[in-house]
Structure formats: C-alpha cells, structure tokens
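The values are calculated or read from the model by the stated rules, or taken from the named source; none is laboratory data. Only a predicted model underlies this, so the values are computations on that prediction, with no experimental measurement involved. Neighbour counts run over all protein chains shown; Cβ positions are idealised from the backbone, glycine included.
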Amino acid sequence: MNLELEIEFSSKELPGLYQSADKASLDSQNQYLFGIKAYTFFLIVAAIVAFFANNSADTAIVSAFLFLVSIGITIWLNVIKPENIWYNGMAVAESVKTRSWRWMMRAEPYDGPEKVEVVSREFITDLKKMLEQNRSLGDTIGVESSAADAISPKMLSVRSLHFEERAKFYKKFRVDEQALWYWKKTKFNKRMATFWFWIMIALHALAILFLLYKIKAPGTRLPIEILALCASSVLSWLQTKKHKELSSSYSLTAQEISLIRGEFSYVDSDESLSKFVIDSENAFSREHTQWYARKKE
C-alpha cells in the first residue's frame with residue numbers, strides 16, 4: 001500500500017472537542033491581543049494630541065476622551081479576561097490532540113487487545129473528563145464537542161492500519177509536522193524579538209538626541225514624553241508576546257524532536273511504536289505545559 005497516496009490527514013479529522021477548544025482559544029487570543037493593541041494605540045494618540053494641544057480646549061477634550069477610551073479597554077480586559085479562555089482552550093486542545101494520536105497509534109492507554117469499541121469508549125470517557133475539568137470553557141466551545149464527533153472515520157481508518165503503516169503515518173503527520181512547526185516558530189519569534197529590540201533602541205536613542213538638543217535650545221518643545229511612552233509600550237508588547245522566551249523554548253523542543261526522530265529506526269513492533277509515541281507526545285505536552293505556565297506568570 002502506498003501510504004502517502006492513499007491516506008492524508010489534517011487537524012480537521014480530530015475530535016469535535018479539539019476543534020471547539022482550538023477555535024475558542026484562537027478567538028480569545030485575537031480578542032486579547034486586539035485589546036492590548038487598541039489600548040496602546042489610543043494611549044499614544046492621546047499623548048500626541050495632548051502634546052500638540054497648545055492650550056486648546058477642543059484638543060484637550062479629545063485627548064481626555066482618548067485617555068478614557070484607553071481606561072475603558074483596560075477595564076474590559078480585566079472583566080472579560082479573554083486570556084483565560086485563550087490559555088485554557090489551548091491546554092484542552094493540545095490534550096485532546098495528544099490523546100487522539102495515542103488512540104490512533106494504539107499507544108498506552110489505548111493499546112490493549114480489546115475491541116475498538118472498548119478503547120473508543122475509554123477515549124470518549126477521557127474527553128468527557130477533560131471537559132468536566134474545564135467547565136469555564138462551557139459557554140465558548142459550542143456544540144461541536146459532542147461525543148458523537150469524538151472519533152472521525154479517518155481516525156478509525158488510521159487505527160486499523162498495519163503496524164508499519166501506522167508508524168510511517170505517525171512520523172509524517174505528527175512528528176515531522178511538529179518538527180517543522182517548531183523550527184518555523186523559532187525563527188519567527190527570534191526575528192520578532194530582534195525587530196522589536198531595535199525599535200526600542202531607536203526610540204531611546206531618539207529621545208536621548210532630543211534631550212541633548214534641549215541643552216542647546218532649552219525653550220524648544222520636543223515630544224520626549226511621547227517617545228518614552230512608545231518605548232514603554234514596545235517593552236510591554238515584548239512582555240506580552242515573550243518572543244525571546246518562546247524562541248528559546250521552541251528551539252529546545254525542535255532539537256528534542258530531532259533526537260526523537262532518530263529513534264524511529266528502532267521502531268519494529270507495536271510495543272516499540274507505543275513507546276515512541278509516548279516519548280514524542282510527552283515532549284509535545286511538556287512544551288505546551290511550560291507555555292501555559294509562562295502565560296500564567
């Protein structure tokens with residue numbers, strides 16, 4: 001059988017709970033980051049308007065209104081707390097994905113000689129437990145998480161594959177894809193960390209130049225406070241996105257996956273495949289657990 005031609009796989013084939021939790025997480029992440037961007041934007045614009053107000057009542061009112069909008073966004077973020085759904089949704093989605101791959105590969109705890117109906121019930125029970133432990137997601141994950149959608153026909157097809165085909169399938173659609181994903185994310189976050197670092201340096205350098213110029217011309221009005229606010233905003237954005245920390249973490253995980261891939265040549269039975277899957281999934285889960293802990297800090 002030509003595995004690459006006959007079977008393809010994507011995250012859309014995973015359980016409905018994964019789809020719902022992943023969507024809820026992405027939507028909440030976008031909502032949270034949009035709020036941070038909007039807060040920063042209105043704050044900077046308010047500072048610019050205040051600087052150029054020239055004692056004008058109209059511009060002062062506009063500046064005050066923009067500051068009020070910034071405060072309103074801060075209150076909204078603290079009340080809604082979209083970051084909680086972001087973190088919890090991602091944790092649930094990744095847990096479901098890990099369980100799904102273990103089930104498809106017949107790895108522990110779904111590796112027994114029982115019929116597929118038995119391990120399927122065990123798998124669905126585990127998904128229900130995940131949902132019960134994360135009741136805060138109940139209003140956001142939607143009806144897609146129903147047990148009826150827990151096991152797709154494609155998942156059943158993969159589980160029924162011969163051992164060698166399942167092993168190749170897992171390496172291609174799970175290990176290789178994760179390795180590529182982590183390397184791409186490593187490069188992206190390293191590039192973004194460098195970009196924002198130099199933006200912050202440029203803002204500080206410009207502020208210093210303005211200060212030096214004021215020594216020569218004390219009466220000159222220069223937007224030094226605005227530059228300071230922009231630099232502070234860049235620092236806050238870096239702390240929110242954690243590009244540098246993520247780059248290091250993703251790089252470490254990518255290297256660990258590369259080492260795990262080297263063990264694939266020793267997979268020669270269902271038992272060794274189960275161990276290979278467990279080691280791989282533990283590596284993936286460890287990174288996501290660390291990510292969750294970093295976000296909660």
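Candidates Leu238, Leu203, Leu211, Leu246: the one that is touching a residue at least 12 places away in the same chain (Cβ under 8 Å), more than 24 Å from the chain's Cα centre (by Cα) and surrounded by 15 or more Cβ atoms within 10 Å (Cβ to Cβ) is Leu203. Checked across the range 83-105, the condition of being surrounded by fewer than 14 Cβ atoms within 10 Å (Cβ to Cβ) and either of a type in the set (A, V, I, L, M, F, W, C) or part of a helix (DSSP H, G or I) (or both) holds for no residue. The conditions of being buried (at least 17 other Cβ atoms within 10 Å of the Cβ) and within 29 Å of Lys172 (Cβ to Cβ) are met by Leu273.
Condition check: part of a helix (DSSP H, G or I), at pLDDT below 90, of a type in the set (A, V, I, L, M, F, W, C) and in contact with a helix residue (DSSP H, G or I) (Cβ under 8 Å, 6 or more places away or on another chain). Does Val62 satisfy that? Yes, satisfied. Among the residues of the range 161-173, the ones that are without any contact (Cβ under 8 Å) to a residue 12 or more places away in the chain and within 17 Å of Ser120 (Cβ to Cβ) come to 0 in all.
Would you call Thr220 outside any helix (DSSP H, G or I) and either surrounded by 14 or more Cβ atoms within 10 Å (Cβ to Cβ) or of a type in the set (Ser, Thr, Tyr) (or both)? Against the criterion (outside any helix (DSSP H, G or I) and either surrounded by 14 or more Cβ atoms within 10 Å (Cβ to Cβ) or of a type in the set (Ser, Thr, Tyr) (or both)), Thr220 qualifies.
Summed over the range 253-270, the residues that are surrounded by 14 or more Cβ atoms within 10 Å (Cβ to Cβ) and in contact (Cβ under 8 Å) with a residue 24 or more places away in the chain give a count of 9. Considering Gln19, Gln31, the condition of being part of a helix (DSSP H, G or I), of a type outside the set (D, E, K, R) and closer than 30 Å to Met155 by Cβ is satisfied by Gln19 alone.
Checking each residue in the range 41-59 for being surrounded by 13 or more Cβ atoms within 10 Å (Cβ to Cβ), assigned to a helix (DSSP H, G or I) and of a type outside the set (Phe, Trp, Tyr) picks out Leu43, Ile44, Val45, Ala46, Ala47, Ile48, Val49, Ala50, Thr59. Taken as a whole, the range 198-205 holds at least one residue that is of a type in the set (A, V, I, L, M) and more than 30 Å from Tyr250 (Cα to Cα). Filter the range 141-169 down to the residues that are among the polar types (S, T, N, Q) and modelled with pLDDT of 70 or more, then identify the one that is farthest from the chain's Cα centre (by Cα). Ranking the candidates gives Ser160 first.
Residues that are in contact with a Ser or Thr (Cβ under 6 Å, 6 or more places away or on another chain) and β-branched (Val, Ile, Thr) were ranked within the range 174-207; the one that is farthest from Met105 (Cα to Cα) is Thr186.
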